[in-house]
Amino acid sequence: MEGIIRGRVWRFGDNVDTDMIIPGRYLRTFSLDELASHVMEGARPEFASQVRKGDIIVAGRNFGCGSSREQAPVALKHAGVVAIIAESFARIFYRNAINIGLPVIMAKVDADDGDEVSIDLRSGQIRNLTAGSEYRMKPFNDYMLSILEDGGLVNHYLKTIDTGISGDEG
Amino acid sequence: MVKMNMTEKILAEAAGLREVTPGEIIEARVDLAMTHDGTSPPTIRTFRDIASRGGPARVWDPERIVMVFDHNVPANTIGAAEFQRVTREFAREQGIVNIFQNAAGICHQVLPERGFVRPGMVIVGADSHTCTYGAFGAFATGMGATDMAMVFATGKTWFMVPEAMRIEVTGEPEGHVYAKDVILHIIGEIGVDGATYRSVEFTGDTIESMDVSGRMTICNMAVEMGAKNGIMEPNRQTLDYVRARTGREFRVYSSDEDSQYLEDHHFDVSDLEPQVACPDDVDNVYPVHRVEGTHIDEAFLGSCTNGRYEDLKIAAEVIGDRRVHEDVRFIVSPASREIYLKALEDGIIETFIRAGAIVCNPGCGPCLGAHMGVLAPGEVSIATTNRNFRGRMGDPASSVYLANPAVVAESAIEGVISAPQQEAGNGC
């Protein structure tokens, strides 16, 4: 996990649900390219073709509400999104994003499409470099931060069993 | 001794702790894990990734995993067929015998019906509406594929012990007012993120006297206000239901009288009208009279929220010998084969067919906009389902209203959103 993330903003509002992020009819595929080609189709049809590697989503309340489909954060990550900042997240989406190593950051941030934003995950500082404003994120709890730092839940688990800290139930 | 609520007691037991407190992170034993045809393949892929990198190659306990094909049954695309093939092969390889492939029903109906759900259990499902099982006094919550793959590998998962909200519901609603109206009304007041990360405990005389079907409808929609789980203390009807379906032992938990809740809410539903959640958020709720006359193209009766026998019976009684409006597609999908068969034997299915409805096999049906009737741009559906997100049931420019089975049936007949005129008995 990068210490400082810097990228271009895509601005979304409240209650961006999982059907907007990746509609149910596109889920029956193993192709991440296919998923990413439809990402955010329900909210902003131009997103999938215009999103670039390193972009950051800034949104309002309850981001990712709805389904447990992990394809929602997977599609965003595969499309190039490196972090999502929102006032709040729906819990299954939040957990899924952490599990796949996509930083989801709780903060209320003013930013418009195209603004440049930087996030310091360790200090908790967020800067809108375009507007010249600064914000603080709600800190991660230690457990989630350790999963993120290991690059996701699977890596975190494998590291744990390798070091023999936890029993191997297999 | 710390006073604990039901959710805390179940989680403490599952974590092997005497007590837990909100905010604490615990590692809990999982009693039952469920995946369906949409979420099994991503789970299997991650499980195989774990295995290929030195993790377990066998699932922790094949008898504690249940797989249900319900989202795309029978498969409607080659991708859906491939997902089901991959799942079937994995189940065979791993010795998972509890796999329901041929339209046995929606996972959240099949699991209780087949006796897999008992009070006091920790149940995780790779589906957000797994919270339905809280109706049986279980701790049940939804999770994604990576979390589920870890459960398959280890039989454990981590939880942050949730802060709790208590929602007391009192009063006997009259007319065509049902559990669906109660939960829509609650979500309208609490908001779509009003219970985020929290445990929601439903109490009060309305809940205590409610049948199993209605209790499931209410807990099913706990996630629509953001909750981690919804839970109810099992009543007599619930215990009878469970005992009729499994001989296995279980433990019933109750909340300590003076256990702590972050918030307490009270709803008196005595004078409640039928409720409708309007596009595009589940908390955009109005009494039905405010939206009567709204044009519809489709009406859908079914889903894990309202596809049970009781729901079908209510709708059939509203329809009687009338016919579906010529401009409306009325789609009916019973929530399980057991329900389908009973409704068939009792003439309920015949009522629908004679009325001109499209009766589909058990499954999720058109709820998720991938199968069995999708909406064109600009089209409107009124559905007994749980989500009215923009584009949920088809094109992003289509819309969905959520309502109870009686309102959906009456609307199918009238061609516009309508409340039934006939008097009904006690709805809940």
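Derivation of every value follows stated rules applied to the coordinates shown; laboratory data play no part. In this text the structure is predicted, and so the values were computed from the model without any measurement. So basically every Cβ, Gly included, is an ideal-geometry build from the backbone, and we count neighbours across all protein chains shown.
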Between B:E27 and A:R6, the two model label points (7 Å from Cα along the beta-carbon direction) sit apart by a distance in nm of 4.0 nm
Would you mind getting me the FRET efficiency between A:Q50 and A:S118? Use the beta-carbon distance for r and R0 = 25 Å, nearest 0.05. 0.75
Determine the dipole magnitude for the range A:4-167: charges of +1 sit on the beta-carbon of Lys and Arg, -1 on that of Asp and Glu, nothing else is charged, the reference point is the Cα centre, and the result goes in debye to the nearest 20. 200 debye
Most fluctuating of B:F330, B:F389, B:F202 in the GNM of chain B (C-alpha, under 10 Å) is B:F389
Have a look at the DSSP beta bridges in chain B and tell me what percent are antiparallel, nearest 5. 20 percent
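Could you work out, residue by residue across A:11-24, how many beta carbons of other chains sit within 10 Å of that residue's beta carbon, and then give the average as an integer?
5
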If I model a spin label at B:R53 and B:E249 as a point 7 Å from the Cα along the Cα→Cβ vector, what separation in nanometres do I get? 4.0 nm
Express in whole angstrom the spacing between the alpha-carbon centres of the range B:115-149 and the range B:270-338. 26 Å
Cβ-Cβ FRET estimate between A:D142 and B:T294, R0 fixed at 51 Å, reported to 0.05: 0.50
Consider a paramagnetic label point 7 Å from the Cα of B:A376 along Cα→Cβ; state which residues of the range B:300-340 have an amide N under 14 Å from it. B:327-329
Most mobile listed residue (B:E326, B:E249, B:E345) in chain B, GNM with C-alpha springs under 10 Å: B:E249
Between B:E208 and B:A397, the two model label points (7 Å from Cα along the beta-carbon direction) sit apart by a distance in nm of 5.3 nm
Per the helix-only model, chain B has a calculated mean residue ellipticity at 222 nm (DSSP H runs of ≥4, -39500 (n - 2.57) each, divided over all residues, rounded to the nearest 500) of -9000 deg cm²/dmol
All lysines inside 16 Å of B:K313 as judged from Cα atoms, apart from same-chain residues fewer than 8 positions distant: B:K180, B:K342
Is the shape of the range B:275-417 best called rounded, prolate or oblate, per the rule: a/c under 1.5 gives rounded, else a/b larger than b/c gives prolate, else oblate, with a ≥ b ≥ c the square roots of the Cα gyration tensor eigenvalues? prolate
Stretch gain in nm, segment B:D240-B:L344, where the contour uses 0.36 nm per residue and the Cα spacing is subtracted: 35.0 nm
Rounded to the nearest 20 debye, what is the charge dipole size of the protein assembly as shown about its Cα centre when +1 sits on each Lys and Arg Cβ and -1 on each Asp and Glu Cβ? 1940 debye
From the Cα gyration tensor of chain A, with a ≥ b ≥ c the square roots of its eigenvalues, which class applies: rounded if a/c is under 1.5, or else prolate if a/b is larger than b/c, or else oblate? oblate
Per-residue ³J(HN,Hα) for the range B:133-138, Karplus 6.51 cos²θ - 1.76 cosθ + 1.60, θ = phi - 60°, Hz, x for Gly and Pro: 5, x, 4, 9, x, 9
